[in-house]
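K.L.:
What follows is a structure written as structure tokens; I'll ask about it next.
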Amino acid sequence: MRLASGCAAAHNPDHCTAPAPVNHSPPSMDPRALESAFALFSEASAQLSGAYQALQARVERLAGELAVANGELKRQYLEKEALSARLAGLLEALPGGVVVVDGDGRVSQANPAARALLGDDLPGSAWKAVAAARIAPTSNAREWEAGPPGRRRRVTLSESPLEAGAGQLLLLNDVTEASAVQRELERHKRLSAMGEMAAGLAHQLRTPLATALLHAANLSRSGLAEADRARFSERLRERLLHLERMIQEMLVFVRGSSAGREVVEAGALVHEAVQIMEPQMAGRSVRLEVSPVPAATLRGARKALSGMLVNLLENALQACEAGGSVRLAASLDGDRIAIEVRDDGRGVTPEDQERLFEPFFTTRQEGTGLGLAIVRSVAEAHGGEVAVKSRLGKGAAFTVRLPIEGAGSEAATAVLARVG
């Protein structure tokens, strides 16, 4: 029944509905939209193509610049390599010793000259130990002895810090031959001065000798009163002492002054000179003022240094009138001690100042002309110097500057303090 009814319904057009047909064709598009999209695609493609070409051109340009830069870097590298090789060759050929001390205080590099002076085992060694064992001060404050015992050479030593605290660069210059020549030159100068001495010796000795002979003749007179005999005897003694001192000073000057190796306290040296001169100044009614002496130690010949100060004080005493004053002061001046002897006497003319330290030049009738020459000789032998400042009628000031103990090895000490 359901089937018949269904079939009947299926054949009845009023009661049966046919299914909708399926559309398989693509949806229709507006040609103008397609044209616009194609135009945009073409434009984008053109932009990408242009960008690629620009990028390719930039890459080629950068590649060219890189090639040029690489060529320049290679050229600079080759130049620096050649310069480095040249500097290394120069360092090896330098006659002076070059030592590089690193930040840990060890010798990182040493040229052949430095190894010849301080030993072939120098590279890698601790500089402090090398300096203590193989570098020693000399009597000349500016020179040292370097090398093992038996092969000592005289050298000068200077140092310079490397960049960024990387250590020190030390320079050792062998001056053995130059020092020997200098000593020989000084000897010849003294021998030359002896010719001047011979010319002036007769005049220098004649007056005090004639006076001594006169007093001796007076002593031989018969019936001479005891008071006169005592007076002539004292004057004879004074003239003979004057002759003795003159001869001693000439001998000191001719021999020259050796610096010596004694350790002398500056205060003790000044005190010794003052003890000698104080009674003489009191006897001439000249006041002696002594300022406190700073603590400092000198290395040299004590007798020569003391005699140098005594000569300066005697020179100041002779320049003063009764009631005058002499002032002795000392002060530290860097690595040196400056000892000044100042008087308020008659002063020295500019012309005479230029000749004051020449042998046999004197502005006093009783002067030997050797006192200040000896002062300069002693000062220079100890690595020092002497200078004078004076105005006529305003007194004079003589200043001796001497290196203090340890200052002679200042460069080495400074290096040891930084890298030791």
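K.L.:
Ordered by packing density, taken as the mean number of other Cβ atoms within 10 Å over each peptide's residues, highest first, how do 262-270, 337-345 rank?
P.N.:
Working: 262-270: 17.2, 337-345: 21.7.
Result, highest mean first: 337-345, 262-270.
K.L.:
Residue by residue, what Karplus-based ³J(HN,Hα) values in Hz, rounded to whole numbers, does the stretch 33-50 have, using 6.51, -1.76 and 1.60 with θ = phi - 60° and x for Gly and Pro?
P.N.:
Karplus values, whole Hz, x for Gly and Pro: 5, 4, 4, 5, 5, 5, 5, 4, 4, 5, 5, 5, 4, 5, 5, 5, 5, x.
K.L.:
May I have the pair-distance distribution P(r) for the stretch 208-251, computed from all Cα-Cα distances with 10 Å bins from 0 and rounded to whole percent?
P.N.:
31, 45, 18, 6, 0
K.L.:
Using 1/(1 + (r/R0)^6) with R0 = 30 angstrom and r between the beta carbons of Glu262 and Leu90, what's the FRET efficiency to the nearest 0.05?
P.N.:
About 0.10, to the nearest 0.05.
K.L.:
For the stretch 305-318, take each phi angle, set θ = phi - 60°, evaluate the Karplus expression 6.51 cos²θ - 1.76 cosθ + 1.60, and give the result in whole Hz per residue in order, putting x for glycine and proline.
P.N.:
5, 5, x, 4, 5, 4, 4, 5, 5, 5, 4, 5, 4, 5
Here, each number is a calculation from the coordinates, and none is a lab measurement. All values derive from a computational prediction rather than experimental measurement. Positions of Cβ are backbone-derived with ideal geometry, glycine not excepted, and every protein chain shown enters the neighbour counts.
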